[in-house]
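The values are calculated or read from the model by the stated rules, or taken from the named source; none is laboratory data. Keep in mind that this is a model prediction, so the values were computed, not measured. We place every Cβ from the backbone using ideal geometry, glycine too, and count neighbours over all the protein chains shown.
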Amino acid sequence: MAMTILDLPAVIDLSAIGIEHIRLAITGYSAVFAALFLLAMLFILLPKILSWNVRRRNPSRENDPQDALRGGMIPGEVSAAIAMAISLYFAELHDQETAILTVKRVGKNYSPWNSKIYNVINFKGHQR
Amino acid sequence: MDGLVQFLGQTGMANATPGNLLMIVVGLVFIYLAIRHEYQPILLVPIGFGILMGNAPFLQHNILALGIYDEGSVMNYLHMGVLKGIFPPLIFLGIGAMTDFSPLMSNPKLILLGAAAQLGIFLTYIGALSLGFTNPESSAIGIIGGADGPTAIFLASRLAPHLIGPIALAACTYMAMVPLIQPPIMRLLTTKAERTIKMKPPRSVTRLEKVIFPVAGILLCGFMAPGAMPLLGMLFLGNLLRESMVTKRLADTAKSTIIDIVTIILGVTIGASTQAGTFLTAASVKIFVLGATAFMISTAGGVLFAKFMNLFLSEGNKINPLIGAAGVAAVPESAKVAQSEGLRADPSNHLLVHAMAPNVAGVIGSAVAAGIMMSFLL
């Protein structure tokens, strides 16, 4: 007889859960947290370390706004201004048009089947 | 006449079972959902089609060797990539090459949401034990809560290869169902005021930080969970190929050709492995129920942890708890769900960039969880 979802409560056996299983679950979850916490700490500290290094090399220009650009760090407001400028530029830009509006000239290869002169001289009325 | 009888004996008319027909309907539903509603079409179209291929009612284990479980059949060879855990690391390589980790680096505290959302893995592991599964089987089932198909397939291939079909199918199905499963939980666990919290725009990230990330990531995670090395190693390698900017060709291949080829073969073989005779069992029903539970618990874990973090964060630095749900590793679907729920609460509140941080952290988190499970059980 096939099992259904309704049968599930009847097959639950809590005695199958041992202390070692609980331990594994808690340790595993903690280890996931620990690994990602270390990663988070690294990336909280890393920008500070990098900017400290830049400041140490150029102490006289500590407040120079160009420093951020030299380190490859573009401040958010500068990014926003650049994005807005590019957006406006493309919004204002008019499409280049070719002046050919609808009709595209198509070259036809010669063939007796499409030859106008051939058809005209073979027309019986013309021969007469 | 004997020849005709023999031929008819080989056809689907003679060999079809109700189970085959049921699975064919399931396959058709998958294809319908993928094409009509665009639910994870990249996964569901190959899987749905694979289900049709696997359940076309042929005579199994005969001299033709057609089925995925028939020794020496073509499908059997393709399935080796799943059983031996070859495909998931290749998919991770492509994911690494596709993913921009800068949202995560610009606001590192959001990484913790990716850890919190792995709660479902470990609670479902306990739940699976209570339903009569063994320790390795329970671990493989629990990982469905990470909402990461390749990780689930990888761990199942190592710990419970006989359950790989239902586990992979459950993981991929629930990944596709993210827009249906997550929103009710997110709304249930948050207030209107919390859903409208606006977060500060992320800072820009330097190229040096982007290059350091995969190197530091593999060293940290490799030391913590060596079992996750095949997955995380490939993930971070793919990301280094992308961010180093000197291996553009390799990064392009990893994020297009390789991942596409592997996704097709993986999807079809996973689908074809759901032959009614081996798939329609009580264990599969339990796995689907446990998988859904795992997914819901993980979503709740992420949302609740974001609310918990808000207790310690100053006004202006608070986290919108909706992005906690993106801590499950369904990239980028769960981030998109956070975005759409955020817009639903406040049409000017765009959460996508913020949600991508826990989302990609969830990929790392679920792989670390898989590695830890393997370390304990192998």
Among the residues of segment B:124-139, how many are among the aliphatic types (A, V, I, L, M) and in contact (Cβ under 8 Å) with a residue 60 or more places away in the chain? 2
I'd like to check something: does segment B:194-206 contain any residue that is under 30 Å from A:ALA83 (Cβ atoms), among the aliphatic types (A, V, I, L, M), within 14 Å of another protein chain (Cβ to nearest Cβ) and without any contact (Cβ under 8 Å) to a residue 24 or more places away in the chain? no
Within segment B:307-322, identify whether any single residue is of a type in the set (Gly, Ala, Ser) and in a helix (DSSP H, G or I), and answer yes or no. no
So A:ALA40 ticks every box in (1) surrounded by 13 or more Cβ atoms within 10 Å (Cβ to Cβ); (2) part of a helix (DSSP H, G or I); (3) at pLDDT below 85 but one. Which box is left unticked? (3)
Do you know which of the residues in segment B:207-236 that are aromatic (Phe, Trp, Tyr) and crowded, with 22+ Cβ neighbours inside 10 Å is farthest from the other protein chains (Cβ to nearest Cβ)? B:PHE236
Just give me the residues in segment A:65-76 being within 12 Å of chain B (Cβ to nearest Cβ) and either surrounded by 13 or more Cβ atoms within 10 Å (Cβ to Cβ) or at pLDDT 80 or above (or both), in sequence order. A:ALA68, A:GLY71, A:GLY72, A:MET73, A:ILE74, A:PRO75, A:GLY76
Scan segment B:58-81 and tell me whether some residue there is outside any helix (DSSP H, G or I), within 17 Å of the chain's Cα centre (by Cα) and closer than 23 Å to B:ILE141 by Cα. no
Go through segment B:164-193 and give me each residue that's over 30 Å from B:ALA128 (Cβ atoms) and either without any contact (Cβ under 8 Å) to a residue 24 or more places away in the chain or within 10 Å of another protein chain (Cβ to nearest Cβ) (or both). B:THR191, B:ALA193
In segment B:272-298, residues that are over 16 Å from the mean Cα position of the chain (by Cα) and either more than 25 Å from B:TYR77 (Cα to Cα) or in a helix (DSSP H, G or I) (or both) total 11
Matching residues in segment B:94-146 - criterion: being surrounded by fewer than 24 Cβ atoms within 10 Å (Cβ to Cβ), facing chain A (nearest Cβ under 8 Å) and not in a helix (DSSP H, G or I): B:LEU131, B:GLY132
Does segment B:299-307 include one or more residues that are touching a Phe, Trp or Tyr at 6+ places or on another chain (Cβ under 7 Å) and surrounded by fewer than 23 Cβ atoms within 10 Å (Cβ to Cβ)? no
May I ask you to list the residues in segment B:327-352 that are farther than 19 Å from B:PRO202 by Cβ and either part of a helix (DSSP H, G or I) or in contact with a Gly (Cβ under 9 Å, 6 or more places away or on another chain) (or both)? B:VAL328, B:ALA329, B:ALA330, B:GLU333, B:VAL337, B:SER340, B:GLU341, B:ARG344, B:ALA345
Here the residues within segment B:1-48 that are of a type in the set (Asp, Glu) and assigned to a loop (DSSP other than H, G, I, E, B) are B:GLU38
From the option list A:LEU39, A:LEU50, single residue qualifying as within 7 Å of chain B (Cβ to nearest Cβ), more than 24 Å from B:GLY327 (Cα to Cα) and within 32 Å of the chain's Cα centre (by Cα) is A:LEU50
Filter result for B:VAL285 (under 25 Å from B:GLN182 (Cβ atoms), within 13 Å of chain A (Cβ to nearest Cβ) and free of Cβ contacts under 8 Å to residues at least 40 places away in the same chain): yes
Hey, any hits in segment B:154-172 for a residue that's farther than 28 Å from B:TYR69 by Cα and buried (at least 20 other Cβ atoms within 10 Å of the Cβ)? no
Among the numbered conditions (1) free of Cβ contacts under 8 Å to residues at least 12 places away in the same chain; (2) within 30 Å of A:THR27 (Cα to Cα); (3) not charged (D, E, K, R), tell me where B:THR257 comes up short. (2)
